[in-house]
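> The following block contains the structure, expressed as structure tokens.
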Amino acid sequence: MSLAKVINDHREAVEYDLLTLTGYQLADIGTTLRWGAVKSFLANIPPDSKLVREYMNVTPAEEVWSTREKTNKILADIFDILAQINANLIGIGEGKPAKKPKPYPRPWKDKKQVNEKHFGRGALPPDELRKWFERKRTGNAGSSECNTGSNSGTVRSTAEIN
């Protein structure tokens, strides 16, 4: 299959992969990007690229399994299982209960950001919420009848809380 045919038949996928993987656009071919470089790029394109997924008619369900993210999640799970097995074996050898090992760090689980804003510390019980709405409606907002021990309404950054 010729290079021009691949580009014409899968223009959007090639453009996406070229832009996301190299920073070049199709318009750059022949000017700042040589045809030989494009041929080399397409010959060595990663298996989880948009072009390969489109060319191979990968379904959305299959697409999830062909990503690096999925592979990284599986590898982190395998690491955790092996660490637990290792801790169990050490515990058996020492005649003590196994210490729980720390899980492999997962960036998608640590969602806290430095300037993340928090509103309160939990849900307000329904009857206190009703009382609060009633006070707001009657204009008696200054009353502190609802005291849950939370910081409801206070905006603080994570740095201030810690």
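> Given the condition in a helix (DSSP H, G or I), in the same structural domain as M56 (by TED's automatic domain parsing), among the hydroxyl-bearing types (S, T, Y) and surrounded by 14 or more Cβ atoms within 10 Å (Cβ to Cβ), answer yes or no: does some residue in region 7-16 qualify? Write out each step before concluding.
At the first step, the residues of region 7-16 found to be in a helix (DSSP H, G or I) are 7-9, 11-16.
Filter once more, so that each one left must be in the same structural domain as M56 (by TED's automatic domain parsing): 7-9, 11-16.
Applying the additional criterion that residues be among the hydroxyl-bearing types (S, T, Y) yields 16.
Those left that are additionally surrounded by 14 or more Cβ atoms within 10 Å (Cβ to Cβ): 16.
Yes, region 7-16 has at least one match.
> Right, here's the next one. Can you pull out every residue in region 19-48 that is surrounded by 11 or more Cβ atoms within 10 Å (Cβ to Cβ), under 24 Å from T67 (Cβ atoms) and of a type in the set (V, I, T)?
Scanning region 19-48 gives T22, I45.
> If you take the residues in region 87-109 that are in a loop (DSSP other than H, G, I, E, B) and over 24 Å from the mean Cα position of the chain (by Cα), which one is nearest to L75 (Cα to Cα)?
We begin by selecting, within region 87-109, every residue in a loop (DSSP other than H, G, I, E, B); these are 95-109.
Checking the rest, the ones that are also over 24 Å from the mean Cα position of the chain (by Cα) come to 95-100.
Values: G95: 30, K96: 28, P97: 26, A98: 22, K99: 21, K100: 19 Å.
Ranking the candidates gives K100 first.
> If you don't mind, there's one more thing I want to ask. Answer yes or no as to whether Y16 is modelled with pLDDT of 90 or more and in contact with a strand residue (DSSP E or B) (Cβ under 6 Å, 6 or more places away or on another chain).
Details: modelled with pLDDT of 90 or more: yes; in contact with a strand residue (DSSP E or B) (Cβ under 6 Å, 6 or more places away or on another chain): no.
Here the answer is no, as Y16 does not meet what is asked.
> One residue is enough: does region 60-75 have a residue meeting the conditions buried (at least 16 other Cβ atoms within 10 Å of the Cβ), more than 24 Å from Y104 (Cβ to Cβ) and either under 25 Å from the mean Cα position of the chain (by Cα) or among the basic types (K, R) (or both)?
No.
> Among the candidates K117, K109, single out the residue that is at pLDDT below 65, of a type in the set (K, R) and loosely packed, with under 12 Cβ neighbours inside 10 Å. Let's see the steps before the verdict.
Working: K109 fails: at pLDDT below 65.
After ruling out the rest, the residue left standing is K117.
The values are calculated or read from the model by the stated rules, or taken from the named source; none is laboratory data. Since the model is a prediction, treat every value here as computed from it, not as a measurement. Because the Cβ atoms are built from the backbone with ideal geometry, glycine has one as well, and the counts that use them run over all protein chains shown.
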